[in-house]
Amino acid sequence: MSNSSSLGSRQSAQDKVANKSAELESSTRQAADKAADAAGQGADQVNSASREAADKLRSGADEAGSKARNAADKVGDRVDSALDKAGKKVDKFASDVKRGIDDADVDKAKREARKAADKTKREVTHLLKQPETYNVIDVVVLASLAYAGYKRHEEGRLGWQEIGLTTAGLGLFAYGQTLLRDWAVRNL
């Protein structure tokens with residue numbers, strides 16, 4: 001009998017373990033269901049908050065767009081107004097100028113032109129009589145010839161014929177300059 005009692009107690013221990021296992025499984029399922037429900041509620045709250053934020057952003061963007069359109073319209077109106085005013089001022093100025101030209105004293109304009117021409121002639125005459133003027137011209141011509149000769153020498157194209165022609169040209173230039181100076185002193 002001891003065997004049968006030991007079998008009975010084993011059976012009852014197995015039943016107890018099976019019952020406990022079933023209870024644990026049931027409580028685990030309940031806990032998992034509660035966690036799933038809580039996660040679902042959290043997801044719903046996040047979705048709801050996201051929708052609210054998106055709605056707020058849309059309404060803010062719409063409001064900003066509306067304000068930008070209104071500002072652009074105001075700027076456009078101001079530009080149009082400014083262009084109209086500028087056009088009127090230009091038209092008025094053009095008519096004033098035309099009226100001024102029509103009323104201008106032609107003789108006065110001729111006198112002023114003669115004065116300017118006489119002043120320019122006096123200045124040119126004064127410059128032609130000054131030896132410094134010819135010195136400046138000489139320096140410019142000689143510097144140009146020296147530079148051109150140096151470049152030709154670098155390229156290997158400077159020959160005695162070119163040197164002779166350049167020297168002859170300088171002599172003619174000096175003679176012409178002397179004649180010009182003498183004529184300017186006598187006639188101007």
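The values are calculated or read from the model by the stated rules, or taken from the named source; none is laboratory data. Just so you know, these numbers come straight off a predicted model, no measurement behind them. Positions of Cβ are generated from backbone atoms using ideal geometry, with glycine treated the same way; all protein chains shown enter the neighbour counts.
Yes or no: region 83-98 includes at least one residue that is among the charged types (D, E, K, R), surrounded by fewer than 10 Cβ atoms within 10 Å (Cβ to Cβ) and at pLDDT 75 or above.
no
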Task: Selection from region 138-188 of residues that are exposed (fewer than 12 other Cβ atoms within 10 Å of the Cβ) and in a loop (DSSP other than H, G, I, E, B) - done: GLY156, ARG157, GLY159
Task: Residue tally, condition over 25 Å from TRP183 (Cβ atoms), surrounded by 10 or more Cβ atoms within 10 Å (Cβ to Cβ) and among the acidic types (Asp, Glu), over region 104-133 - done: 1
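So which residues in region 153-186 are closer than 21 Å to ASP138 by Cβ and of a type in the set (D, E, K, R), if there are any at all?
Step one: of region 153-186, the residues closer than 21 Å to ASP138 by Cβ are 162-185.
Correct list: GLU162, ARG181, ASP182.
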TODO: Please go through region 124-157 and pick out each residue that is aromatic (Phe, Trp, Tyr) and touching a residue at least 24 places away in the same chain (Cβ under 8 Å).
DONE: TYR134
- [ ] For region 108-125, enumerate the residues that are farther than 16 Å from VAL185 by Cβ and hydrophobic (A, V, I, L, M, F, W, C).
- [x] ALA109, ALA113, ALA116, ALA117
